[in-house]
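The values are calculated or read from the model by the stated rules, or taken from the named source; none is laboratory data. All of these numbers come straight from a predicted model, not from anything done at the bench. All Cβ positions, glycine included, derive from the backbone under ideal geometry; neighbour counts span all protein chains shown.
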Amino acid sequence: MENKFNLCPNCGSKKIQWRDGKKWLCSDCGFDLYCNVAAAVGIVLYDDFGNVLFEVRAKEPRKGFLCLPGGFVDPDESAEQAVVRECREELDAEIEGAEFLCTFPNTYEYKNIEYKTCDIFFKARLSGKYKDMNDFVKTLHREESEVVRFEIRKVQTAADVESLPLAFPSARQTLLKWVETI
């Protein structure tokens with residue numbers, strides 16, 4: 001990681017260095033700032049016909065690429081609470097029956113800083129009150145600052161997953177794992 005910090009936040013020294021891939025260290029005062037992994041969540045929402053809901057990202061990183069609904073876990077929030085909140089915020093929808101699927105590490109670049117994340121993925125079958133994913137999407141209201149539009153893609157094989165223009169490798173790994181279970 002390139003040093004984007006110019007001064008130690010403790011003493012103001014210019015001798016701050018990135019060390020061991022996880023912390024900033026000031027050689028003048030000994031101050032160290034650990035950059036711990038951030039937790040993020042995502043969800044594979046699917047119907048009985050092999051259709052999966054995707055969002056087209058409205059902003060960087062990876063603006064215009066597909067992603068699964070989700071986002072960062074807030075302080076004092078569980079991953080389960082975060083995935084419900086993110087669906088409420090990004091989709092304006094209440095999601096029920098979300099089940100843990102898997103986790104993968106990821107790198108999230110934002111404003112020239114790399115954030116290492118542990119992405120926690122869930123899966124949920126579309127509620128029976130909708131006939132299919134198209135019926136569900138008609139009820140959604142996107143969070144405009146985050147989502148350009150929703151897309152529905154048939155995802156049933158590894159080849160289907162590999163053909164998707166996904167924003168993040170962790171989503172690709174998750175979908176590859178998910179297709180093994182269907």
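Listing for the model above:
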item	result
The range 87-139, residues that are in a strand (DSSP E or B), over 17 Å from GLU55 (Cβ atoms) and touching a Ser or Thr at 6+ places or on another chain (Cβ under 8 Å)	LEU101, CYS102, PHE104, PRO105, THR107, GLU114, TYR115, LYS116, THR117, CYS118, ILE120
Residues (in contact (Cβ under 8 Å) with a residue 24 or more places away in the chain and assigned to a helix (DSSP H, G or I)) located in the range 142-171	PRO169, SER170, ALA171
Test: residue in the range 76-86 that is under 25 Å from VAL37 (Cα atoms), surrounded by 12 or more Cβ atoms within 10 Å (Cβ to Cβ), of a type in the set (S, T, N, Q) and touching a residue at least 40 places away in the same chain (Cβ under 8 Å)	no
Those residues of the range 95-122 which are under 17 Å from LEU166 (Cα atoms) and among the charged types (D, E, K, R), in sequence order	GLU109, ASP119
Condition met for PHE72 (modelled with pLDDT of 95 or more and surrounded by 13 or more Cβ atoms within 10 Å (Cβ to Cβ))	yes
Subset tally (residues that are in contact with a strand residue (DSSP E or B) (Cβ under 9 Å, 6 or more places away or on another chain) and surrounded by 16 or more Cβ atoms within 10 Å (Cβ to Cβ)) for the range 161-171	6
Residue satisfying all of: in the range 22-62; over 23 Å from VAL73 (Cα atoms) and of a type in the set (D, E, K, R); surrounded by the fewest Cβ atoms within 10 Å (Cβ to Cβ) among these	ASP48
Filter result for PHE5 (surrounded by 14 or more Cβ atoms within 10 Å (Cβ to Cβ) and modelled with pLDDT under 95)	yes
